[in-house]
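Participant: Here it is, the structure, as structure tokens.
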Amino acid sequence: RGGDQALNTSTPMYPLPQHFHLEQEQLQAAGVKEWGSLARLQDGALRQLARQGASEQRLTRLRGQARLMEALALEAGDAALLLHAGIATATALAECSPERLQVQLTRLERALRPGALARIDRDTVRGWILRARKASSRSPN
């Protein structure tokens, strides 16, 4: 889960969930095809895409997801789940308690996918937090 290797910056990002269809159209038209390319887009580029019909808020969320993926070698769904939980940066994740975050993510997963089994376990969360602490140079203590 989440891989211990760096994210391949050429990881394709399409198709996006249906509610991102306008954002996908604008990103594709701008030639953004991989998560790594999206992670490197500046605010001005996102605003320009938003002027052409995409939601700036959704584009910013997608870029945040891409940046989490890149910083911590996470899968797209795992980065999206962390964003839904209010964890937007490696620094924020580094500050989390593994036990508390695992409970929070399990509850969130159940709310988002009723009836589905939780797929995030404590070891996975601990691994993410350790990688985040390393990425943000925070002591593991």
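Participant: Is it the case that residue 74 is under 17 Å from residue 13 (Cα atoms), at pLDDT below 95 and not in a helix (DSSP H, G or I)?
Facilitator: Considered against the rule, which asks whether it is under 17 Å from residue 13 (Cα atoms), at pLDDT below 95 and not in a helix (DSSP H, G or I), residue 74 comes out as yes.
Participant: Another question, then. Mind listing whichever residues of the stretch 48-62 are assigned to a helix (DSSP H, G or I) and open to solvent by 20 Å² or more (accessible area, probe 1.4 Å)?
Facilitator: Those that are assigned to a helix (DSSP H, G or I) and open to solvent by 20 Å² or more (accessible area, probe 1.4 Å): 48, 50, 51, 56, 57, 58, 60, 61.
Participant: Could you list, in sequence order, the residues of the stretch 90-109 that are open to solvent by 30 Å² or more (accessible area, probe 1.4 Å) and either basic (Lys, Arg) or within 17 Å of residue 76 (Cβ to Cβ) (or both)?
Facilitator: Within the stretch 90-109, 100, 107, 108 meet the criteria.
Participant: Restricting to the stretch 110-141, name every residue that is open to solvent by less than 30 Å² (accessible area, probe 1.4 Å) and in contact with a helix residue (DSSP H, G or I) (Cβ under 7 Å, 6 or more places away or on another chain).
Facilitator: 120, 125, 128, 129, 132 - these are the residues of the stretch 110-141 that are open to solvent by less than 30 Å² (accessible area, probe 1.4 Å) and in contact with a helix residue (DSSP H, G or I) (Cβ under 7 Å, 6 or more places away or on another chain).
The values are calculated or read from the model by the stated rules, or taken from the named source; none is laboratory data. Since the model is a prediction, treat every value here as computed from it, not as a measurement. Ideal geometry is used to build each Cβ from the backbone, glycine not excepted, and the neighbour counts take in all protein chains shown. Accessible surface areas use protein heavy atoms only, side chains included; no ligands, DNA or RNA. Shrake-Rupley method; radii C 1.70, N 1.55, O 1.52, S 1.80 Å.
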